[in-house]
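Quick notes on the structure that follows.
The values are calculated or read from the model by the stated rules, or taken from the named source; none is laboratory data. Remember, it's a predicted structure, so these values are computed and weren't measured experimentally. When we count neighbours, we look across all protein chains shown, and the Cβ atoms used for this are built from the backbone with ideal geometry, even at glycine.
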Amino acid sequence: MINLFNRLVAVVVWLALLAGIIYLAVAPARVLSDVAARMGVFAEQLTVWQTASATNFLIGQIAVGLAALLLFGTLLWVELWPRRRRGVRVHTSEGGSVELDTQSIARRLVWHLDQLAEVITVIPDVKARGSAVDIQLEIETAPDIDVPMKTDEVVEVTRDIIEQDMGLKLGKLDVRMRHAPFDEEWAA
């Protein structure tokens with residue numbers, strides 16, 4: 001929901017900026033004089049309100065400041081500290097369900113993928129996305145492997161673990177492979 005709101009606000013802001021910059025580029029003197037005139041009228045109106053009732057004007061200032069702080073502070077809080085689920089909901093054939101922690105999924109992937117020949121280290125990044133999991137794997141391998149064959153093996157094992165063994169839906173799978181440096185025994 002917040003993503004939709006963010007996109008709508010961003011589209012409106014970008015369109016307004018685009019229209020304003022184009023208008024400013026076409027008639028810069030007119031735009032600046034219009035803005036100055038409107039600001040002058042607004043400043044006069046604020047002065048009239050302040051002289052009419054200084055106390056009410058101060059209360060209005062405080063109310064506008066607090067409203068802006070609450071609105072934009074809340075939006076910033078939601079944007080900067082999103083509350084993501086740390087797990088994925090798995091539905092059983094019996095009608096039950098359980099939430100499986102993404103760290104548990106990562107540990108299981110590490111254990112199984114470390115068992116593969118010529119795989120030295122595995123660093124998974126598992127993210128829940130709805131009922132699926134997106135996985136990014138950083139894999140360090142022996143320096144002399146057949147890269148396409150090892151990549152196919154890693155993808156197949158990962159898919160089997162996620163979909164068959166754990167009953168989850170695999171979303172995006174990104175495998176990044178790097179080779180360990182050649183030791184002196186390999187170079188000779």
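Overview of values
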| quantity | calculated |
| --- | --- |
| The listed residue being surrounded by fewer than 11 Cβ atoms within 10 Å (Cβ to Cβ) and under 30 Å from residue 165 (Cα atoms), out of 92, 55 | 92 |
| Any strands (runs of 3 or more DSSP E) falling wholly within segment 86-188 and containing at least 2 residues that are within 20 Å of the chain's Cα centre (by Cα) and not β-branched (Val, Ile, Thr) | 119-129, 132-141, 169-179 |
| Filter result (modelled with pLDDT of 75 or more and touching a strand residue (DSSP E or B) at 6+ places or on another chain (Cβ under 8 Å)) within segment 54-88 | 87, 88 |
| Residue 101 vs. criteria in contact with a strand residue (DSSP E or B) (Cβ under 6 Å, 6 or more places away or on another chain), acidic (Asp, Glu) and assigned by TED's automatic domain parsing to the domain that holds residue 171 | yes |
| Pick from segment 95-109, criterion exposed (fewer than 14 other Cβ atoms within 10 Å of the Cβ) and not hydroxyl-bearing (Ser, Thr, Tyr), ranking: farthest from residue 136 (Cα to Cα) | 95 |
| Boolean, residue 71 is out of contact with any Gly (no Cβ under 8 Å at 6 or more places or on another chain) and in a loop (DSSP other than H, G, I, E, B) | no |
